[in-house]
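Here's the structure we're looking at; comments come further down.
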There are 2 protein chains.
Amino acid sequence: MLSSKIVKHLNQLQEKKYRREFGEYIVEGFKGVGEALDHAEVVMVVVEGNRRGEIEIASCIHKAEAQGIPVEFCGRKDIGNIKTTDTFPGILAVVDIPECHLEDIADGPIIVLENIKDPGNLGTIIRTADWFGITNIMVSENSVDHYNPKVVRSTMGSIFRSKIYRSHHIRTECEELKNKFGYSVTSLDIEGAPLPAKITNTERMIFLFGSESHGLSPELEAVVDVRYTIPGKGKAESLNLAISAAILMSRL
Amino acid sequence: MLSSKIVKHLNQLQEKKYRREFGEYIVEGFKGVGEALDHAEVVMVVVEGNRRGEIEIASCIHKAEAQGIPVEFCGRKDIGNIKTTDTFPGILAVVDIPECHLEDIADGPIIVLENIKDPGNLGTIIRTADWFGITNIMVSENSVDHYNPKVVRSTMGSIFRSKIYRSHHIRTECEELKNKFGYSVTSLDIEGAPLPAKITNTERMIFLFGSESHGLSPELEAVVDVRYTIPGKGKAESLNLAISAAILMSRL
């Protein structure tokens, strides 16, 4: 049985304002929890009591205990009270949100995302960036919270390896990266030059992506130095945002 | 007011077995309905009565009437009874499933998909293929139905421009494409050669993608001629399926 205080806390962490207040977020499922235990600061692990014997869950419990992290067991009744993305995944963890400043991400190529609304898109972009070795990410204030459980899940563990800076004023901060750190800004645009097979010297490059439905805001358009387009042959009106971003990243 | 017969029919089309029985599927929203009216055989359009004046919806009504397609108006009560993916989108259409045989897709590069479970992935792959001018698609019987409303929605209209063949026995049919039509089979595999910047002479190539969680079945592995891998630098375990497929398609 969980205390009602813990249940309340877990449910609060479904909401962005409480995630900010407590500086914590939730990771669901043994895969995510296992990676969090390896790569992040885990505050607490919550396990469905009658699944504690399952090999992947037992392994997480073992890892947590070895690090002195509290493990709480919950019963069927608790599960009915805990909000999760889908059905209760057998195990979840409360994880500390790491601090990240603008300077922290200014060490190599940066993905900058403005006004991204779909959690799956944001998570997939973080995962794809990690695959291609890009771990510096800036997310605009008006995007979906990157510690939203659906985003966390779709990063498939990459969120623990990325430095993600939540922007306060994205245009000013892009300009700061340009002026203070020598970055240039590249974006995708239907009127850009064809995307080359290989983009080189990316150490001081920002790759900027705008909203799924409206693209970049005019305010951000103004900081772009280079525009590329992904040449298409068919009649589709556009590509999905995460797809466009991935095709670009695969050329770096 | 809709007749109870129409409401029942619309709700049945949420299920694969009835889509097959009637040879029809549902397209939701003015964007999809508009494209269906341009590119597909629309059987009926259903409009939320008090939204008939909205410009995009009025334009669909006009198009439908010009083609002699019945337009039904529904009230608030009907809407409560009609199942849709999210809230009722103001307009939907019932569309004929076109016939598609194996021979129909054997005229250029083919995307073959085995055991795809996520509707968003399947829809996004169809949309991306359309962007790159690939309209021949084969989907294994054990994949999510490509006329599932969530798939249809995430194709963003590309489903109307693609030839999609539902496979009965995917291995036999891949072999038939190889032996009878001279195709070769390329797949992505962690142990393949690095994906080249450009794949040429694709007219008789099959690009084969397996399930999100298990990759290709051993049965299908056996028909693969060429294996590529998407080189990664980070620690992510894998790429999302639709992302991998898109990166490959962007090289054709």
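For chain B, a simple Cβ point-charge model (Lys and Arg +1, Asp and Glu -1, everything else neutral) yields a dipole of about 580 debye relative to the Cα centre. Within 10 Å of the Cβ of each residue in A:151-158, the mean number of Cβ atoms contributed by other protein chains is 2. Size descriptors for chain B: radius of gyration and Dmax over Cα atoms are 19.9, 60 Å.
3J(HN,Hα) along the stretch B:233-241, derived from phi through the Karplus expression 6.51 cos²θ - 1.76 cosθ + 1.60 where θ = phi - 60°, amounts to 10, x, 10, 4, 6, 6, 9, 4, 4 Hz, with x in place of Gly and Pro. About its Cα centre, the stretch A:1-135 has a charge dipole of approximately 720 debye under the convention of +1 per Lys or Arg Cβ and -1 per Asp or Glu Cβ, with nothing else charged.
Residues of the stretch A:237-252 that lose at least 30 Å² of accessible area (1.4 Å probe, protein heavy atoms only) when the other protein chains are present, relative to their chain alone, are A:Glu237, A:Ser238, A:Leu239, A:Asn240, A:Ile243, A:Ile247, A:Ser250, A:Arg251.
Backbone N atoms of the stretch A:203-229 closer than 19 Å to the 7 Å Cα→Cβ label point of B:Ser59 belong to residues A:213-215.
Counting only protein heavy atoms and a 1.4 Å probe, the stretch A:4-96 has 51 square angstrom of accessible area per residue. Summarising the overall dimensions of the stretch B:132-252 from its C-alpha atoms, the Rg and Dmax are 14.6, 42 angstrom. Can you give the accessible area buried between chains A and B, summed over both chains, with a 1.4 Å probe, in Å² to the nearest 100? What A and B bury together is about 2700 Å². Rounded to the nearest 20 debye, the dipole magnitude of the stretch B:102-249 is 540 debye, with +1 charges on Lys and Arg beta carbons, -1 on Asp and Glu beta carbons, and the Cα centre as origin.
Computed from phi, the 3J(HN,Hα) profile of the stretch B:100-105 under the Karplus parametrisation 6.51, -1.76, 1.60 (θ = phi - 60°) reads 8, 9, 3, 4, 5, 8 Hz, with x in place of Gly and Pro. When the solvent-accessible area of the stretch A:4-96 is split by element, carbon and sulfur atoms take up 50 percent of it, the probe being 1.4 Å. Counting only heavy atoms of the protein chains and using a 1.4 Å probe, B:Ser59 has close to 60 Å² of accessible surface. A crude spin-label estimate for the pair A:Lys198 and B:Gln67, with each label 7 Å from Cα along the Cβ direction, gives 4.8 nm. Note: the stretch B:177-234, Cα convex hull, 93 Å³ per residue.
For B:Phe181 and B:Val226, the difference between the fully extended length at 0.36 nm per residue and the C-alpha to C-alpha distance is 14.5 nm.
Across the stretch A:4-96 the C-alpha pair distances fall into 5 Å bins from zero in the proportions 3, 15, 28, 27, 19, 7, 1 percent.
When the P(r) of the protein assembly as shown is calculated, the portion above 42 Å amounts to 24% of the C-alpha pairs.
Each copy carries a label point for B:Glu141 at 7 Å from Cα toward Cβ; from one copy, the others' points are 5.6 nm away, ordered from shortest. Helix content alone sets the calculated 222 nm mean residue ellipticity of chain B: runs of n ≥ 4 DSSP H residues at -39500 (n - 2.57) each, divided across all residues, give -10000 deg cm²/dmol.
Around the amide H of B:Cys74, modelled in the peptide plane, lie the amide H atoms of B:Val47, B:Glu48, B:Gly49, all under 5 Å away and 5 or more residues distant in sequence or on another chain. Each other copy holds its own label point for B:Gly53; taking that point as 7 Å from Cα along Cα to Cβ, the gaps run 6.6 nm, nearest first.
Derived scalar couplings between HN and Hα for the stretch B:46-55 equal 10, 10, 6, x, 7, 10, 5, x, 4, 4 Hz in order, rounded to whole Hz, by the Karplus curve 6.51 cos²θ - 1.76 cosθ + 1.60 (θ = phi - 60°), x for Gly and Pro.
Approximating the spin labels as points 7 Å out from Cα along Cα→Cβ, the A:Cys100-to-A:Phe22 distance works out to 2.1 nm. Per atom type, the stretch B:110-236 shows carbon and sulfur on 51% of its accessible surface, probed at 1.4 Å.
Counting heavy atoms of the protein chains alone, B:Ile190 has an accessible area of about 130 Å² for a 1.4 Å probe. With the label put 7 angstrom out from Cα along the Cα-to-Cβ vector, B:Tyr18 ends up 3.9 nm from the copy partners, going from closest to farthest. With an a/c value of 1.5 or above and a/b larger than b/c for the gyration tensor axes a ≥ b ≥ c computed over the alpha-carbon atoms, the stretch A:91-183 is described as prolate.
The values are calculated or read from the model by the stated rules, or taken from the named source; none is laboratory data. These numbers come from a predicted model, not from an experiment. All Cβ positions, even for glycine, are placed from backbone atoms using ideal geometry, and neighbour counts span all protein chains on display. Ligands, DNA and RNA are stripped out before the accessible areas are found, and what is left, the full protein with its side chains, is counted by its heavy atoms. Shrake-Rupley method; radii C 1.70, N 1.55, O 1.52, S 1.80 Å.
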